[in-house]
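Below is one structure, written out as structure tokens, with a few remarks after it.
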Amino acid sequence: MLREGTTSRSSREIAESLETVASFVNVGAGAASPSVSAFGSTLTEHVDRTLDIMADMLLRPTFPEEELNRWKTQQRAMLVQQRANAGLLAMERFGRVMYGEHPASRVLPTVASVDAMSRSRLATFHAESYTPDFTVVAIAGDMSFEEATRRVEAAFGTWKKSGRTRPAVSDPPLPSARAVAFVDRPNSVQTNLMVGVPGISRTNPEYDTFDVLNKIIGGGPTGRLFMNLREAKGYTYGAYSVFNATRHRGAWHASTEVRSEVTEPALKELLAEVERLRTDLVPDKEFAEARRSIVASFALSLENPEQLLGLYVTRHVYGLPADYFDRRPERIMAVTREQVQALARKYLDPSRLQIVAVGTGSAVGKTLGQFGPVTSYDVDGKVIDGK
């Protein structure tokens, strides 16, 4: 809603002002995001005008009733579409089993929460939360630091600190012992699988080792999951893994989509790859290629101004050392096979694995019990009695 009108510009005027100078400005925050980001790009000659529009959006929004009603109508329609998406249903259930009621569990809003949104609630939240106390402004472009500072102060100089304390951040509760959460989605011809465990925070010293571990098992088309489930078995078009780490403890998970009839063997192969990382040292050649790939990808990212800027913001947000990213290649190449195996044994614990499956109950529901105690849900997230 911040783009939908300010005390001096309507939604249309904001769009036209940006289009006139070929600038882009937006504001984003995920459902479980610990922060909000205003971001944009412009020609250097139009920096002042673009910053002025950005400041107007952040400091002086009016949340017009007409625009809010239009947004709510769009959100309701979007939620209907999203709840029909098996991948999003899997992510939603995984968030719940991994994070419980912690804010990190949020994936999709509810229709009720959209209906309850009001102009007054937005205005109150904005007044309380959109303050400069913990704000960082980052710019990448052809200008000096002094020039950038002058321009930012010209646009945001009236933004006064509130004196509020930094919001507390706590780790989510640990999930219970290994279990299976099954979302019964009638008439699905495939099963969406997610398997994961609690992970680490961004400042954990094991972060780089975790990066290498993830690259080996599922960090792309050369990962073990992809090579096994797609290339060797032909169960899926792709199988990958990711790990997220913020101020609180994140999670690692692997995911894939398979034909309903191969749900059982595909899940067995996925779990076998997790176990292999725990029991066997990664071969030297595979290990060296994984580390080189991470370093090469990092080097390419430095050519993109937006990604480069993101590294500096990350360093600031998490209080990382000044040379943290300068030394990233060095740290990655210093990770050993033994460290990856030890990390796999520490975190990829079979007794803590949480398994989420979304598919047709009549096709795959009965096979899941062998992987752990099963709780079944409908597509709206309600427990199905007796299942």
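Conditions (1) buried (at least 19 other Cβ atoms within 10 Å of the Cβ); (2) of a type in the set (A, V, I, L, M, F, W, C); (3) farther than 30 Å from Asp385 by Cα, marked per residue:
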position: Glu146; (1), (2), (3): no, no, yes
position: Glu153; (1), (2), (3): no, no, yes
position: Phe156; (1), (2), (3): no, yes, yes
position: Leu174; (1), (2), (3): no, yes, no
position: Arg178; (1), (2), (3): no, no, no
position: Arg185; (1), (2), (3): yes, no, no
position: Pro198; (1), (2), (3): yes, no, no
position: Lys215; (1), (2), (3): yes, no, yes
position: Thr222; (1), (2), (3): no, no, yes
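May I ask you to list the residues in the stretch 347-382 that are assigned to a helix (DSSP H, G or I) and exposed (fewer than 12 other Cβ atoms within 10 Å of the Cβ)? Quick ask: steps written out before the conclusion?
From the stretch 347-382, those assigned to a helix (DSSP H, G or I) are 347, 350-352, 361-371; that's our starting set.
Hits for the stretch 347-382 are Ser351, Ser362, Lys366, Gly369, Gln370.
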Which listed residue, of Arg76, Arg93, is more than 15 Å from Gly250 (Cα to Cα) and buried (at least 16 other Cβ atoms within 10 Å of the Cβ):
Arg93
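Where residues in the stretch 367-387 are among the charged types (D, E, K, R) and modelled with pLDDT under 85, which of them is farthest from Glu261 (Cα to Cα)?
Filtering the stretch 367-387 down to residues among the charged types (D, E, K, R) leaves 378, 380, 382, 385, 387.
Then drop every residue that is not modelled with pLDDT under 85, which leaves 385, 387.
On the way: Asp385: 25, Lys387: 21 Å.
Among those that are among the charged types (D, E, K, R) and modelled with pLDDT under 85, it is Asp385.
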Would the stretch 240-255 turn up any residue that is modelled with pLDDT of 95 or more, surrounded by fewer than 18 Cβ atoms within 10 Å (Cβ to Cβ) and within 14 Å of the chain's Cα centre (by Cα)?
yes
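Which residues, taken from the stretch 176-191, are assigned to a strand (DSSP E or B) and not aromatic (Phe, Trp, Tyr)?
Our first condition is that a residue be assigned to a strand (DSSP E or B); within the stretch 176-191, this holds for 179-184, 190-191.
Selection gives Ala179, Val180, Ala181, Val183, Asp184, Gln190, Thr191.
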Are any residues in the stretch 340-380 within 20 Å of Tyr207 (Cα to Cα), out of contact with any strand residue (DSSP E or B) (no Cβ under 9 Å at 6 or more places or on another chain) and in contact (Cβ under 8 Å) with a residue 40 or more places away in the chain, and if so, which ones?
Val340, Gln341, Leu343, Ala344, Arg345
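For Ser23, are the conditions met, namely being exposed (fewer than 15 other Cβ atoms within 10 Å of the Cβ) and without any contact (Cβ under 8 Å) to a residue 60 or more places away in the chain?
no
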Output for the stretch 105-136, where each listed residue is in contact with an Asp or Glu (Cβ under 9 Å, 6 or more places away or on another chain) and within 17 Å of Gly163 (Cα to Cα)
none
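From the list Val36, Val21, pick out the single residue that is in contact with a strand residue (DSSP E or B) (Cβ under 7 Å, 6 or more places away or on another chain) and either β-branched (Val, Ile, Thr) or over 19 Å from Ala155 (Cα atoms) (or both). Outline the logic, then answer.
Working: Val21 fails: in contact with a strand residue (DSSP E or B) (Cβ under 7 Å, 6 or more places away or on another chain).
Only one candidate passes the filter, namely Val36.
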Could you check how many residues of the stretch 314-339 are in contact (Cβ under 8 Å) with a residue 40 or more places away in the chain, surrounded by 16 or more Cβ atoms within 10 Å (Cβ to Cβ) and farther than 14 Å from Pro205 by Cα?
1
Return a yes/no flag: does the stretch 258-265 have any residue that is at negative phi and outside any helix (DSSP H, G or I).
yes
Go through (1) exposed (fewer than 12 other Cβ atoms within 10 Å of the Cβ); (2) in contact with a Leu (Cβ under 6 Å, 6 or more places away or on another chain); (3) of a type in the set (Gly, Ala, Ser) one by one and return the number of the condition Ala344 breaks.
(1)
Among the candidates Leu58, Leu2, Leu68, Leu43, single out the residue that is farther than 19 Å from Thr158 by Cβ and surrounded by 17 or more Cβ atoms within 10 Å (Cβ to Cβ).
Leu68
Of all the helices (runs of 4 or more DSSP H) wholly in the stretch 69-153, which have at least 2 residues that are of a type outside the set (Ser, Thr, Tyr) and more than 21 Å from the chain's Cα centre (by Cα)?
111-116, 119-129
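Picking from Arg276, Arg291, Arg230, which residue would you name as being in contact with a Phe, Trp or Tyr (Cβ under 8 Å, 6 or more places away or on another chain), in the same structural domain as Thr203 (by TED's automatic domain parsing), of a type in the set (Lys, Arg) and not in a strand (DSSP E or B)?
Arg230
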Is there a residue being over 30 Å from Gln354 (Cβ atoms) and surrounded by 14 or more Cβ atoms within 10 Å (Cβ to Cβ) anywhere in the stretch 96-117?
yes
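The values are calculated or read from the model by the stated rules, or taken from the named source; none is laboratory data. If you're wondering where the values come from, they're calculated on a predicted model, not measured in any experiment. Every residue, glycine among them, receives a Cβ derived from its backbone with ideal geometry; neighbour counts consider all protein chains shown.
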